[in-house]
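The values are calculated or read from the model by the stated rules, or taken from the named source; none is laboratory data. None of the values given here were measured: they were computed from a predicted structure. Cβ: placed from backbone, ideal geometry, glycine included. Neighbour counts: every protein chain shown. In case anyone asks, the SASA skips ligands and DNA or RNA and just uses the protein heavy atoms, side chains included. Shrake-Rupley method; radii C 1.70, N 1.55, O 1.52, S 1.80 Å.
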Amino acid sequence: MTAPLDMMTLVEPLVPALRRYARSLLRDRSAADDLVQDCLERVVGRWHQRRPDGDARTWVFTILHNLAINRLKQTARRGMHVAIEEQDEASFATPPDQEDRLHHQAILDVLSQLPEDQRSALLLVSVEDLSYAEAAAVLGVPIGTVMSRLSRGRHRLAQLVNDVPKRIDTTIPILRRVK
């Protein structure tokens, strides 16, 4: 029975200091209180792992600090927690992206129609942001060849893009007759 009494006499006076430290780390009163609660649960559950000759105060603060760091990392990964009740409906709405995906797919389809040499030069310079010299080294051709392939590829790409019919006309409402 001496261990629980020993634990209570050593840990209970630390609670106000733990709360202060947790609040300074997290800058949120309720999150800090939750952190102290988690810390105290861990202290009680692992009291037997503490070195008897070690400083209990340092051990408890180390536990709190490590829990706080883990929580901050978790928040950074997940993002801030926002209660649904505190948000308006507009913050949950996202604009539709189906049309963008269709246009993106149309560009990919058009790119696939280009000859391989033009497509490679175009992708290396325009998408991967390589210089003409770097693209020439990758393709194993002179810089002039890369420049001419780019010119022909861009010209052909512009022609193909202009020839693609617009898949969705957003100005005309789509109505369906239901009987």
**Asked** Any residue at all in segment 112-119 that is under 20 Å from residue 157 (Cα atoms), in contact (Cβ under 8 Å) with a residue 24 or more places away in the chain, open to solvent by 80 Å² or more (accessible area, probe 1.4 Å) and not in a loop (DSSP other than H, G, I, E, B)?
**Response** yes
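Conditions tested, residue by residue: (1) in a loop (DSSP other than H, G, I, E, B); (2) touching a Ser or Thr at 6+ places or on another chain (Cβ under 8 Å); (3) open to solvent by less than 70 Å² (accessible area, probe 1.4 Å).
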| residue | (1), (2), (3) |
| --- | --- |
| 67 | no, no, yes |
| 70 | no, no, no |
| 74 | no, no, yes |
| 80 | yes, no, no |
| 85 | no, no, no |
| 95 | yes, no, no |
**Asked** Residue check: is residue 35 touching a Lys or Arg at 6+ places or on another chain (Cβ under 9 Å), assigned to a helix (DSSP H, G or I), touching a residue at least 24 places away in the same chain (Cβ under 8 Å) and of a type outside the set (Phe, Trp, Tyr)?
**Response** yes
**Message:** Where the second residue is in a helix (DSSP H, G or I) and of a type in the set (Phe, Trp, Tyr) and the first is open to solvent by 50 Å² or more (accessible area, probe 1.4 Å) and lies in segment 124-153, which pairs have Cβ atoms under 6 Å and are six or more apart or on separate chains?
**Reply:** 143/132
**Prompt:** Just for segment 27-46: of the residues that are open to solvent by less than 70 Å² (accessible area, probe 1.4 Å) and of a type in the set (Val, Ile, Thr), which one is farthest from residue 59 (Cα to Cα)?
**Reply:** 36
**Request:** Take residue 100 and decide whether it is assigned to a loop (DSSP other than H, G, I, E, B) and either of a type outside the set (D, E, K, R) or open to solvent by 60 Å² or more (accessible area, probe 1.4 Å) (or both).
**Result:** no
